[in-house]
1. State all residues of the stretch 69-92 that are modelled with pLDDT under 95, of a type in the set (A, V, I, L, M, F, W, C) and over 13 Å from H120 (Cα atoms); if no residue qualifies, say none.
2. Of all the residues that make up the stretch 213-251, how many are under 51 Å from the mean Cα position of the chain (by Cα), over 19 Å from S289 (Cβ atoms) and at pLDDT 85 or above?
3. With the requirement that a residue be over 35 Å from the mean Cα position of the chain (by Cα) and outside any helix (DSSP H, G or I), what does the stretch 44-73 give you?
4. Would you confirm whether or not the stretch 80-98 contains a residue that is within 39 Å of the chain's Cα centre (by Cα), in the same structural domain as E118 (by TED's automatic domain parsing) and on the phi > 0 side of the Ramachandran plot?
5. Looking only at the stretch 23-43, count how many residues are in a helix (DSSP H, G or I), surrounded by 16 or more Cβ atoms within 10 Å (Cβ to Cβ) and not hydroxyl-bearing (S, T, Y).
6. Please state which one of S182, S156, S109 is at pLDDT 85 or above and not charged (D, E, K, R).
7. Determine, yes or no, whether V290 is at pLDDT 90 or above and aliphatic (A, V, I, L, M).
Amino acid sequence: MDMNAALAKNDPTAIPLHVGSEEAYIHAVNRVPMLSAEDEYELAVRYRQEDDLAAARRLVMSHLRFVVHIARSYTGYGLPLADLIQEGNIGLMKAVKRFDPEVKVRLVSFAVHWIRAEIHEFILRNWRIVKVATTKAQRKLFFNLRGRKKRLGWLSHEEVKAVAADLKVKPETVLEMESRLSGQDIGFEARPDDDEDDSVIRAPAAYLESDGLDPATEAEQDDWRTQQSRALHAALQNLDERSRDIVQRRWLGETKSSLQELADDYHVSAERIRQLEKNAMRKLQAAMSV
């Protein structure tokens, strides 16, 4: 349903697109006439059977005051009322699109589910940086438990069991949600306008400082190690086969060979192996310093 097109039509019940303030908007929607049951049924039939957007617009406009009423009940979450109303209006439009007048139920009764669902989604997306409710059980707990905590404070063991039984969830789930609701978002660094008090000390930046290198230095060192590894590989290829084997077995293998073991394999003295090793290491150093 293209509701923007419908709202653009000239109608005496239309609300100006720019009403100036939240109070002006609420005053404007309260002036839109309510519909009688007969008028509501006729408009719903016209929209459902003829796709009459003007009828849909009137159904939406006459229920905007109801959205404001519902949105006001969610202001305790610290989110702007205007945003809550906007999300509720989306739910109202979805309800109008799905409303069946033949069920003989008033639109206001049908729409409340859709309005609340949109507002709930908005609150869950924006109430905290980290989501506090992801599963169906957690969502149910989020809205029911928060209201109960306002009256009861921290729940006792018996109250936890009662809430769990009432909402058909495990007591562990109730305790986990209670802990999430009691937490708060903290910025990584203290705000510039914070006084030098506990809020500054509690900022994670005050106690999560890393002793490691910064990412730029780590990347630089990783690149240096890669270049050194390539240079070593190339320098080894320039050694004669015996010298290369001595260096690899003495320094690069998981199990280090002794001078005597190499001497026995090559049928020379250990001192000769030491001289070959020293000469090979000098050549490697010269090649890698270029």
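The values are calculated or read from the model by the stated rules, or taken from the named source; none is laboratory data. Note that the structure is predicted; figures quoted are calculated from it, not measured. Counting neighbours? That spans all protein chains shown, and the Cβs are built from the backbone with ideal geometry, glycine included.
1. Scanning the stretch 69-92 gives L81, A82.
2. So the count comes out to 2.
3. D51, D52, S62
4. There is no residue in the stretch 80-98 that is within 39 Å of the chain's Cα centre (by Cα), in the same structural domain as E118 (by TED's automatic domain parsing) and on the phi > 0 side of the Ramachandran plot.
5. Total satisfying the criteria: 5.
6. Going through S182, S156, S109 in turn, the sole match is S109.
7. Working: at pLDDT 90 or above: no; aliphatic (A, V, I, L, M): yes.
Taking the combined requirement at face value, the residue does not satisfy it.
Yes or no, residue by residue, for (1) farther than 18 Å from R116 by Cβ; (2) free of Cβ contacts under 8 Å to residues at least 60 places away in the same chain; (3) touching a Leu at 6+ places or on another chain (Cβ under 9 Å):
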site	(1), (2), (3)
S21	yes, yes, no
A24	yes, yes, no
R31	yes, yes, no
E40	yes, no, yes
L43	yes, yes, yes
D51	yes, yes, no
F66	no, yes, yes
I70	no, yes, yes
